[in-house]
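Data block below; observations after.
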Amino acid sequence: MRNKNACELCTLAITHDIEITGGLCVVLLGSGILAVPLTCPLSLLFLSFPQRPGHPHLPASSYTNMLDKIQFTGPHIRKDRNRGSSRFNISRNREIQKLPPLKDASVANREELFVQKIRQCCVIFDFNLDPLSDLKYKEVKRAAITELVEFMTSQRGVITELIYPEAVAMFSHNAFRALPPSTNPSGAEFDPEEDEPTLESSWPHLQLIYEFFLRFLESQDFQPSIAKKHIDPKFVIQLLSLFDSEDPRERDMLKTTLHRIYGKFLGLRAHIRKQISNIFYRFIYETEKHNGVAELLEILGSIINGFALPLKDEHKQFLQRVLIPLHKVRSLSCYHPQLAYCVVQFLEKDPSLTESVVMGLLKYWPKVHSPKEVMFLNELEEILDVMEPVEFVKVQQSLFRQIARCISSPHFQVAERALYYWSNDYVMSLVSDNCQTLFPIILPPLFRHSKAHWNKTIHGLIYNAIKTFMDMNQKMFEICNAKYEEQLKQQEAHIAEREEAWSQVEKLAIQSPHYHKLARPEVITAPMVFPRIEPMETVPERLNLPPREPQEVGPSIPEGVGPGVPEGAEPERQMEVGTSESGASSSPVGEGGGAEGTTVTTEGGGEGVIHNVEEGEQEMGNPKASLLIRRKSALPQDFETATALHQYQTKDKILPAADET
């Protein structure tokens, strides 16, 4: 086809089929396929001709097979990750006609026209696979929804009994759908400030649907007694399932919608709380993945604020079984402010719950996740701000032991946040009233880390805290300081006694006649000296075992070389063992200082080996000849292990070779 000019191509285009696929203008010919990019001027010429319904020489099934064989060299266009793809049930008949405006209709026909426009808005369009399709009819639907919202807001007496089922049905058709799989990182990996949320592609129309339904619920003509036939528990369950949407705009509209339903329908309140609890149970104990936990907790915060006193047992169980366990989920950072607000609201309603809440927080206190520990400290200070002095006495010891551990934390943000507690006037008043109990808990970590902490900012905060406590109660401060110094002296004395006891044990062990027979080489040698590992060929000779067939082994480890012994350095000499109490004496070291080492004859007739270091010194004298090899551990030198190593045979020796069979 390269030799044909434009006129011949035009003739072919007139007499053959033209299809558009993959950015190409494909002309189906009798002898093959001509593919022209849409950017080429010839493609515009081809598209100007009418297309034929079929090809006279090719069957209908051949078109697809031929098109599949085309190798498209253009770049693949990937769908934007930040666009959702909810599974809507696309309507078959999407050709809707524009109806006359409501303001021009007569009062008698206004209700019927209002219902017709609502039914037009029940038509579902495709915003995912083909967002540019049906643009004309999408605009008709958008204009109809906008007109309904404006008319309902400005006019009175619009919502009649006939409107209730139509309005609820329109919202159900448009909003209730199968949500797409989650594409956002889960748990602590998702950062709302850094990661872009996934947006719903159909939001331009979906937003208007939510606005219409909110105006419907907030209208002065709205009667819950009539609407409860259509807004039932099933409707609430479907509405709550949408809170898992990844689009934050939709979750915000859902939050407002659910709050309006909770306020309007008294009979659905218990059902709504129960379903929210079920969502949290599944989130805590099963999936740990849900996008709408923060919004649901925000709704619960306003619900808890309206609880009547005294609190029901149902509400107290919700605090213990739902809100407190929510602290252990890994993605706590996504909803912690809302969760802390709910907990504080409960304590303001009923201060007697303070002990159970504080002990629950201490139960789930993070051990290795420092950012989460900072969040716990923030929430704990909010709880202290509303804590009654009577309730504080019940939890003060457990609470301030945890704060003392946070002060001792090597993570400077944790220690810094704990030290900021002393800037809170109410907390300091609680400490001042209970200083005899709290000073012995708080002051030791402050004394210990006043100079030992690695961060200089922590040093300054600790200094300010010590000065504050000194001014608070100087007498108690001096008592605690004296006790701390006494504890330091006791610790030093205890360490010295322990070292002396171990030295006595070591001396008694060396005097034992079985010491050199049973002790490991690293115990016999001086501290920080690594024993030389003998080749396995010398073990049978030393232990009077039958000789073993030679095997291929790796490179030998030079004597005196090991972890902690740099190349070229002189290793420490090992301790000399003299005559034991039982009369057993050690033979002198050979002049050559060979690999056999010093043999020690014990009372039981056994032989122990103290490796000579001189050979290692000779090898270490030549840095180029020695290799610096890092060993994780020395080979065992006791009799049983050496015998087991000698008697071990590989499978190659036991099983016959393949060529022999």
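The numbers here are math on the coordinates, done by the rules we state, and not lab data. The shown structure was predicted, so the numbers you read here are calculated from the model rather than taken from an experiment. We place every Cβ from the backbone using ideal geometry, glycine too, and count neighbours over all the protein chains shown.
Summary of computed values
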{"read-out": "Within-14-Å neighbourhood charge of GLU499 [Cβ basis; K, R +1; D, E -1]", "value": "-2"}
{"read-out": "Lys pairs under 29 Å by Cα in segment 358-511, provided they are eight or more residues apart or on distinct chains", "value": "25"}
{"read-out": "Segment 358-511: mean projected area of Cα convex hull, nm²", "value": "11.4"}
{"read-out": "Charge sum, other residues only, whose C-beta stays under 15 Å from HIS271's C-beta, Lys/Arg counted +1 and Asp/Glu -1", "value": "+4"}
{"read-out": "Long-range amide H partners of LEU199 with built H, under 5 Å", "value": "ARG83, GLY84"}
{"read-out": "Residue-wise HN-Hα coupling along segment 226-243, computed from phi with Karplus coefficients 6.51, -1.76, 1.60 (Hz; x: Gly, Pro)", "value": "7, 6, 5, 5, 10, 9, 10, x, 5, 4, 5, 4, 5, 5, 5, 5, 6, 5"}
{"read-out": "Per-residue ³J(HN,Hα) for segment 170-182, Karplus 6.51 cos²θ - 1.76 cosθ + 1.60, θ = phi - 60°, Hz, x for Gly and Pro", "value": "5, 5, 5, 4, 8, 8, 6, 7, 7, 6, x, x, 5"}
{"read-out": "Sum of side-chain charges, LEU148 neighbourhood, beta-carbon under 13 Å (Lys, Arg +1; Asp, Glu -1)", "value": "+2"}
{"read-out": "J(HN,Hα) series, segment 98-106, from Karplus relation 6.51 cos²θ - 1.76 cosθ + 1.60, nearest Hz, glycine and proline x", "value": "6, 8, x, x, 5, 5, 8, 7, 6"}
